[in-house]
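All remarks here apply to the structure that follows.
The values are calculated or read from the model by the stated rules, or taken from the named source; none is laboratory data. Since the model is a prediction, treat every value here as computed from it, not as a measurement. Virtual Cβ from ideal backbone geometry, glycine too; neighbours counted across all protein chains shown.
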Amino acid sequence: MKVGYKAVAGTALLAMALTACAGGNAKEQPAAESSQAAQEQAATLPGSTINPVPYDQVADGGTVKLALSQFQAQWNYNQVNGTNDSTDQVIEPLLPAIGITNDKAEVVNNPDYVTEWKMELTDGVEVVTYKINDKAKWSDGTPITYKDFQAQWKALNGKDKKYQVSSTDGYDRIKSVEKGATDQDVVVTFDKNYPDWKGLFLPLYPASTNETPEAFNKDWLNKLPVTAGPFKIDKIDQTSKTITEVRDDNWWGNKAKLDTVVFRMIDASATMNAFANGEIDAVSIPANAADLKRAKEVPDADIRKAAAPNWRHITVNGSAPLLKDKSVRQAIALGINREVITQSDLKDMDWPIQTLNNHVYMNTQAGYVDNSGELGTYNPEKAKQLLDAAGWKMDGEYRKKDGKEFALRFVVPAANPTAKQEGELTQAMLKEIGVKINIEPVPEDKFFDDYAIAGNFDLQPFSWLGTPFPLGALPQIYKSPTSPDNFGSNFPRIGSPELDKLIEQAGGEMDPAKAVELGNQADKLIWDEVHTIPLYQRPDIFATKKTLANYGAFGYSDKNWTAVGYTK
């Protein structure tokens, strides 16, 4: 499937004054009435806000300029170093997405690529068939055929460990991908049932990319060699960290309204200035009251927001020497007041101020249950007891064991003031239980490759941007690593056989109600492992030019890049 979660580090924030230290006091914590108000506010969030304009009423021509949070080398989205929001933004106008999702998370086939798709269960065996659009072809002139589907399955099914994939979700359940009546007919037979089959082959890469591990891992480094979308690559400028895409006249679908799309990496702290100065035409404002206020003051700006499957969290490196003991990780979770961090991040954002107490479902999503239990509630006294029992005794300001001080590295993107702020709040809170936090700013474009993916951290705050397929995506983040070099996006590198079994069951359950139940059972075990500490559902708020059409806060829905443009 399309990799279930993509990572994003930057949140384009200006630092707010720290109104809480340690755990905060009672008046800083949401009361029951506030929580109820937040739930009511969440229920009113729109599914998407994009200034929808019919295709024939969008002006022909123009350029849209957008910011990237990072400019990485790897542009193969399915490769472990490529699975992030910046890659996704760049490839969306360029590569096949065979399914289209609306803001209600409903998925249908994309007729530009697949004119028909169908799933059938025969004697319990799941078979999916695809009819590829006869006009669909790659930019090198090669027709899109079953061979592209087949090669992608073989690359992503996890059997060849030389493919450095970020996720095998769904592909590892497929028995075969074969040619049907013609080269444009694809027959996918599953070995294990997979209800989220509509999320597979998103995006689709050419067979040449997936035929060998060498090609998969290296052919898309610093280049996008083949495309098949309404736009094509015009220029990649490594110096200015800019990618320019232009309308592709060989595109067989609706002609793109825009002439040009320009993506440029801009430090998170500078994106609002860039929008206000007209350097970019839209900017994400995930959690920053100052930026939101300023955006509202920009002439001819429009604020667009929606509920989306995205969430802010702190990843806990369970493979780090001081955090291998689960009881110690549980002490860390108990020592962090998530409500204070949430309040600090979301204050004055016109967004529900409520903690997220589920790793699978968002607050606004059907299936959401509070599974946090004791570990989701700030309890420094219990945290101290667990650390004492683990042999970490107070020695001055901080705890020590066998002469070693309990000091953790809280790695943050240097250009992201809110990540630093989250670190400072965590630092103050954990000092109360005798744990030292060293905040370590690192370059934003190195934050994932050199730190998260490399396991070079103890604690790291960032956001996961999700899809309509939360259960099918569970293995990507939470399944036990099969080896030190094969962990998908499980950056903490921990798991358990019991959790793996539930993930397997949830991912293959065809009954929706039973699947939700299994997903919530898995969530309870994820809480117990302290793999990830959820903070809140991430705001999906954009400021855009008022005349920009069919772009903004998409929520669950996909962009239609042929219709993005400006009002006449």
Practice problem: Could you please let me know if Ile174 is in contact with an Asp or Glu (Cβ under 6 Å, 6 or more places away or on another chain), aliphatic (A, V, I, L, M) and buried (at least 19 other Cβ atoms within 10 Å of the Cβ)? | Solution: no
Self-check item: Residues of the range 171-182 that turn out to be in a strand (DSSP E or B) and touching a helix residue (DSSP H, G or I) at 6+ places or on another chain (Cβ under 8 Å), as a count
Solution: 4
Quiz item: Which one is farthest from the chain's Cα centre (by Cα) among residues in the range 273-296 that are of a type in the set (Asp, Glu) and modelled with pLDDT of 95 or more?
Solution: Glu279
Quiz prompt | Selection status of Ala563, in contact with a helix residue (DSSP H, G or I) (Cβ under 6 Å, 6 or more places away or on another chain) and more than 28 Å from Leu156 (Cα to Cα) | solution = yes
Exercise. Could you pull out every one of the helices (runs of 4 or more DSSP H) wholly within the range 310-415 that has 3 or more residues that are modelled with pLDDT of 95 or more and more than 23 Å from Lys524 (Cα to Cα)?
Key: none
Quiz item: Considering the range 81-97 alone, what residues qualify as being crowded, with 22+ Cβ neighbours inside 10 Å, within 13 Å of the chain's Cα centre (by Cα) and not in a strand (DSSP E or B)?
Solution: Gly82, Thr83, Ser86, Thr87
Quiz prompt | Residue among Ile526, Ile541 that is crowded, with 20+ Cβ neighbours inside 10 Å and in contact with a Lys or Arg (Cβ under 7 Å, 6 or more places away or on another chain) | solution = Ile541
Quiz prompt | Odd one out for Pro441 among (1) over 30 Å from Lys501 (Cα atoms); (2) touching a Ser or Thr at 6+ places or on another chain (Cβ under 6 Å); (3) modelled with pLDDT of 95 or more | solution = (2)
Quiz item: What are the pairs, 6+ residues apart or on separate chains, where a residue within the range 441-470 that is farther than 27 Å from Ala270 by Cβ has its Cβ under 7 Å from a residue that is basic (Lys, Arg)?
Solution: Gly455/Arg493; Asp458/Arg409; Thr467/Lys2
Quiz item: List the pairs whose first member sits in the range 223-240 and is without any contact (Cβ under 8 Å) to a residue 60 or more places away in the chain, whose second member is of a type in the set (Lys, Arg) and surrounded by fewer than 20 Cβ atoms within 10 Å (Cβ to Cβ), and whose Cβ atoms are under 8 Å apart, counting only residues at least 6 apart or on separate chains?
Solution: Ile236/Lys223; Ser240/Arg264
Quiz item: What is the residue count in the range 509-523 for residues that are surrounded by 20 or more Cβ atoms within 10 Å (Cβ to Cβ) and within 16 Å of Tyr194 (Cα to Cα)?
Solution: 4
Self-check item: Hey, Leu425 touching a Cys at 6+ places or on another chain (Cβ under 9 Å), hydrophobic (A, V, I, L, M, F, W, C), crowded, with 22+ Cβ neighbours inside 10 Å and over 14 Å from Asp267 (Cα atoms) or not
Solution: yes
Quiz item: Looking at (1) among the hydrophobic types (A, V, I, L, M, F, W, C); (2) surrounded by fewer than 21 Cβ atoms within 10 Å (Cβ to Cβ); (3) touching an Asp or Glu at 6+ places or on another chain (Cβ under 9 Å), which is the only condition Ile266 fails?
Solution: (2)
Exercise. Report whether or not Leu95 is hydrophobic (A, V, I, L, M, F, W, C), closer than 21 Å to Ala155 by Cα and at pLDDT 95 or above.
Key: yes
Quiz item: Within the range 153-170, how many residues turn out to be touching a residue at least 60 places away in the same chain (Cβ under 8 Å) and part of a helix (DSSP H, G or I)?
Solution: 2
